Protein chains: 2
Amino acid sequence: MAKINSHYKDVSEGYFFLETTKRAKAFTDSHPGVELLKLGIGNTTEPIVPAVLEGLKRGVEKLGSAETYTGYGDEQGDTRLRGAIAEWYAGRKVSVEPAEVFVSDGAKPDCANISSIFSDESVVAIGDPVYPVYRDSNIIAGKRVVYMPALEENGFIPEPPREPRQGRGEHVDLIFLCSPNNPTGTVITREQLKTFVEYALEHKAIIVFDAAYSEYIRDAALPKSIYEIEGAKQCAIEIQSLSKAAGFTGVRLGWTIVPKELVAEDASTGTLNQMWNRRQTTMFNGASNIAQEGGLAVLSPEGQRQTHEQIDYYMENARIIREGLTKAGYTVFGGVHAPYIWLKCPSGLTSWQFFDQLLEKAHVIATPGSGFGDRGEGYMRVSAYGHRENIERAVRSISENMRV
Amino acid sequence: MAKINSHYKDVSEGYFFLETTKRAKAFTDSHPGVELLKLGIGNTTEPIVPAVLEGLKRGVEKLGSAETYTGYGDEQGDTRLRGAIAEWYAGRKVSVEPAEVFVSDGAKPDCANISSIFSDESVVAIGDPVYPVYRDSNIIAGKRVVYMPALEENGFIPEPPREPRQGRGEHVDLIFLCSPNNPTGTVITREQLKTFVEYALEHKAIIVFDAAYSEYIRDAALPKSIYEIEGAKQCAIEIQSLSKAAGFTGVRLGWTIVPKELVAEDASTGTLNQMWNRRQTTMFNGASNIAQEGGLAVLSPEGQRQTHEQIDYYMENARIIREGLTKAGYTVFGGVHAPYIWLKCPSGLTSWQFFDQLLEKAHVIATPGSGFGDRGEGYMRVSAYGHRENIERAVRSISENMRV
């Protein structure tokens, strides 16, 4: 009889986010006519900017004539796009070669699939709370996951794993970092990131740095790429996405940087760059050529200008939420260089208790922090994605109905 | 130190197809002015048909306004598309529920990723020769691969694996089948497919049926879907693609059918449908919404008419190749319900020896059969993808310069 991968037993069934929908539905069913106000959206809501829309259209039009039609492209991505990405990094003083760029259909698959090139005996350290994909994908692969707590006392930026000799620690092989962070909306500083790079170099661990929200950083002192830290090209893989940077959540485009300097423990298998190349050429067939034309447009000067303007719009939403909630008496974190605000539930309420209060008293939906890990208990992720008017109504409703 | 997945050592480095390019380049470098004629393209060459191009354009335009913009969709695919796919199967008398359809970015990733839900202790049977992705993805996962020979004496359609008690066999858990076949261009008959389904039901094995070339079948007696065989919904997963059906090789869209009837050995993990759902929601973020709009257009009546007309064009190429090569004295197989012709190298030449002769004497490129497995040695895959004029010139050049 065909045997199944029993590690699937160890991952939750994704009921968590379904439960928010279920509770919201139960409320509207019993309160007909009530409109719910959403602060729980982890998804872009504004249309694609004109310069990028033109790129996508060009991508479609090229497929309509024999002279410009293209089928399979390189699994690693269009040469022009890989070059443009390398130049984009150069523009922020980071040196990346086109051959180190692997274009993909988004950060989520890459975050999950990168596990493939590492031994299933690896120990993987991830933040808690954090984007659940790092945890679930590594558990499915049979790897052991340990947690780095992100707490109020460390500003929600975890510290590198403890070394075994310091007690209660153990050697880790892979470290997943996400900055700006989903869900806490906090950003790692250059100094903090440096301690991770030093740790990784000393312990020969590999850092997987998820920079999907980098374009929300508004302070030049904060690192947008891990490669801004000296030595990172010897120990870090960086994953990027145009989902939140250009509204490509549905279009699907991202990339992963695997520096040529990264070597595997066993030279006979080659560098990690060669291994990821082998993984991608075997198991992936390239991102959509239409999306890649769009990606080129995003990285053009006009595309960068227009997409950054759109991010300013979301960041104004974040400001309205942050200031409105603070004025209403809540304690909030993040949301200054990220589209997420991390709200501390008042009066020691659990995330689900406060979810229910928000729903019943303010008709607002936010995301229970406990869905992102045990250390998310007692917090809510409040999202700045949404149309301005809806964001304002939601904040007003909390202020009027739930002042602390 | 981070440990790597050592199974990568057991897969070849993809040098094979690079070698064809290398030899071609060496020849043109030493023979300036000579134009090479390609019969080695495993990629669509004709532009997207108008009805489908309109669908793709609609997909882009929707992203440009706030009213119709969409971000993340369901990882399983757009509800409309899942419904349209179920109806498409109904049109060929196969019953598939929308909830059994998982839309993806193509057949290659699905063929490779499906391995994730099965135990790494599984034994996997694949044809030889065959599309190398089945082999390499399962080896990377640490699964054991056994081969089902596809030889001239069985018409290149393998028989089900032997049972252990018959000797030289062993129990297999997973069986990969591809029909119409890449590379041999042969098609499994209803009777032959029935023996596989019966074998799988008896031995509780799971068949993964790759139907990516089904639209090239021109004989209603031949099965386009494994679900045309009674009992297949209890033992088979089917993978489909619009790459070769609609020229979507670069656009990226496919789907996998995981019937609800398929149960795992251990009920606590749920059905295979639930497990694949868990895999996709954790590690995939949906196919591009633009590609999915295009997919809806492909499945529309006009889209079906136009794409089938385009396939007729490729099939006319296949006829020209088949008849031309036969007239020139070659023995060929396949190419009647598939875009590939399987040519037997004359005079006992190896695939690479004949590759060199074709290159030097006829200036034609074809694909050495040995690249698809040991049993492909002594054959060449000749492809019907290409513009008519180039196909005709290549066949004429072989006839004039390499008559057997």
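Table for the structure above
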| read-out | value |
| --- | --- |
| DSSP-assigned coil residues among chymotrypsin sites (Phe, Trp or Tyr not before Pro) in the range A:216-289, each with at most 10 further Cβ atoms within 10 Å | none |
| Per-residue [θ]222 nm for chain A (sum of -39500 (n - 2.57) over DSSP H runs n ≥ 4, rounded to 500) | -11500 deg cm²/dmol |
| Net charge contributed by nearby residues that have their C-beta within less than 13 Å of residue A:400 (K/R +1, D/E -1) | +4 |
| The range A:129-253: equivalent-ellipsoid semi-axes (sqrt of 5 x gyration tensor eigenvalues, Cα, Å) | 23, 18, 14 |
| Loop sites in the range B:93-154: trypsin sites (Lys or Arg not before Pro), DSSP, at most 12 other Cβ within 10 Å | B:93 |
| Fully extended contour minus Cα-Cα distance, from residue A:201 to residue A:153, at 0.36 nm per residue | 14.6 nm |
| Pairs from A:38/A:244; B:244/B:344; A:22/B:57; A:62/B:108 whose Cα-Cα separation, in the structure shown, is over 28 Å | A:22/B:57 |
| Partners for residue A:143 among aspartates and glutamates (Cα-Cα distance below 18 Å; same-chain residues under 8 apart left out) | A:10, A:110, A:120, A:121, A:128, A:170, A:173, A:265, B:120, B:121 |
| Neighbour-count ranking [beta-carbon atoms within 10 angstrom, fewest first] of B:387, B:203 | B:387, B:203 |
| Packing-based exposure ordering (other Cβ within 10 Å, fewest first) of B:359, A:222 | A:222, B:359 |
| Chain A, dipole about Cα centre (Lys/Arg Cβ +1, Asp/Glu Cβ -1), debye to the nearest 20 | 620 |
| Inter-label distance for residue B:361 and residue A:171, nm, one decimal - labels placed 7 Å from Cα along Cα-to-Cβ | 6.0 |
| Nearest-0.05 FRET efficiency for residue B:17 and residue A:19, computed from C-beta distance (R0 51 Å) | 0.60 |
| Net charge, residue A:83 excluded, C-beta distance under 15 Å - Lys, Arg +1, Asp, Glu -1 | -4 |
| Where trypsin sites (Lys or Arg not before Pro) fall in DSSP loop in the range A:176-248, at most 16 other Cβ within 10 Å | A:204, A:218 |
| 5 angstrom amide H check on residue A:148, placed H, neighbours 5+ away | A:126, A:127, A:128 |
| Cut-off under 5 Å, modelled amide H: who pairs with residue B:238 long-range | B:209, B:257 |
| Given chain A, longest segment not containing exposed loop GluC sites (Glu not before Pro) (DSSP; at most 16 other Cβ within 10 Å) | A:266-376 |
| Exposure proxy order (Cβ contacts within 10 Å, fewest to most) of A:105, A:266, A:173 | A:266, A:173, A:105 |
| Under the Karplus curve 6.51 cos²θ - 1.76 cosθ + 1.60, θ = phi - 60°, whole-Hz ³J(HN,Hα) for the range B:27-39, x wherever Gly or Pro sits | 5, 5, 4, 8, 10, x, x, 7, 9, 7, 9, 9, 10 |
| Estimated distance in nm for a label pair at residue B:87 and residue A:316, the labels positioned 7 Å out from Cα along Cα-to-Cβ | 4.2 |
| 3J(HN,Hα) from dihedral phi, the range B:209-217, Karplus parametrisation 6.51/-1.76/1.60, rounded to Hz, x for glycine, proline | 9, 8, 9, 4, 9, 4, 6, 8, 6 |
| Per-residue mean of C-beta atoms belonging to partner chains within 10 Å, peptide B:287-295 | 5 |
| Rounded Å value of the spacing that divides the Cα centres of the range A:20-87 and the range A:299-355 | 21 |
| Distance between modelled label sites at residue B:65 and residue B:6, nm, 7 Å Cα→Cβ extension | 6.0 |
| The range B:51-300, Cα convex hull volume normalised per residue, Å³ | 127 |
| Among A:72, B:234, B:334 the positive-end extreme of the charge dipole of the protein assembly as shown (Cβ point charges) | A:72 |
| Charge dipole of the range B:273-322 about the Cα centre (unit charges at C-beta), most positive-ward option of B:292, B:320, B:281 | B:281 |
| 13 Å reach of a label modelled at residue A:27, 7 Å along Cα-to-Cβ, counting backbone N of the range A:344-384 | A:352-368 |
| Averaged over A:69-80, number of beta-carbon atoms from partner chains that fall within 10 Å | 4 |
| Between the range B:379-404 and the range B:91-129, the alpha-carbon center distance in angstrom | 34 |
| Fluctuation leader among B:66, B:287, B:318 - chain B, Gaussian network, Cα springs under 10 angstrom | B:66 |
| Normalised alpha carbon radius of gyration of the protein assembly as shown [divisor 2.2 N^0.38 Å] | 0.97 |
| Within 10 Å of each Cβ in A:243-250, the average number of Cβ atoms from other chains | 4 |
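Here, each number is a calculation from the coordinates, and none is a lab measurement. For clarity, every value in this text was computed on a predicted model and none was experimentally measured. Please note: Cβ atoms are built from the backbone with ideal geometry, for glycine as well, and neighbour counts cover all protein chains shown.
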